[in-house]
1. Considering the Cα trace of segment 144-197, what is its radius of gyration and what is Dmax, both in angstroms?
2. What net charge is computed for the residues neighbouring ASN93, neighbours being all others with C-beta under 12 Å from the C-beta of ASN93, Lys and Arg scored +1, Asp and Glu -1?
3. Excluding PRO117 itself, what net charge comes from residues whose Cβ is under 14 Å from its Cβ, given Lys and Arg +1 and Asp and Glu -1?
4. Using only Cα atoms, figure out Rg for segment 115-215 and give it as a multiple of 2.2 N^0.38 Å.
5. Grab the Cα-Cα distance for LYS131 and ASP39, subtract it from 0.36 nm times how many residues apart they are, and report the gain in nm with one decimal.
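Every number here is computed from the coordinates shown, using simple stated rules; none is lab data. Predicted model, so just to flag it, every value in this text is computed and none were measured. Here Cβ is always computed from backbone atoms with ideal geometry, including for glycine, and neighbour counts include all displayed protein chains.
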Amino acid sequence: TLNQELLISSSVNSSIYADDITSTRGAVSAFVGGATGSDLSGYTIKSNITAKNSGSVTKTQNDYTLYGTTVAGILGRNTNTNLENFVVELSVNARNYENMTIAGAVGYVVNSSATQPISIKNIQVNNLFVKLSTYTYTKLGTVSGVVVGVFDADTTIENVQVNNILVECMGTAQASGVANTNHGTIKNVSVNGLIKGTVVAGFVNTNHGTICFDD
């Protein structure tokens, strides 16, 4: 168990209903939908989110392809943005016609300029509850405790604690304690309690980066 002291200065308590069933680049977040070149810190976030069209992002050789809407507790799309000192409790009810992408903290991370590293640290995600409904069994819902996709090698996720991920799904669901896809560095991360889904990974489902602990 990690015992970092989180510096929290403000709180957000919200209920969000997103009714867009056609968007291909949307982001639904309890805090910020998308941020570029920012620094965000010091919030406790508790939210109930209902989304009709949550979706996924994949990396091709030269670009990123998005499907539907990314749902996240802090930040839907992170481009060159640092996050620090957040506590998140999130309940998501999502239904759609394509893939589903839901994260306790961040949807996906991209470093567009590649000049500065991205840091996501001192994050605590508590009780991520997700209910998924899908209209085809060929699509896979993706739920991650912290980040769905880290697509930049110069991104570090550190001092993060995830407590309990519960996924109820009509169809198939892939649940990961920290990230579904990682190309960066994940260190000093703790995943505690229950993770429930159709396909479960304690830390990372697909890892192309580094997972480590400091001595």
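1. Taking only Cα atoms of segment 144-197, I get Rg and Dmax of 11.8, 36 Å.
2. That sum, taken over residues with Cβ under 12 Å, equals +2.
3. -3
4. 1.08
5. 30.0 nm
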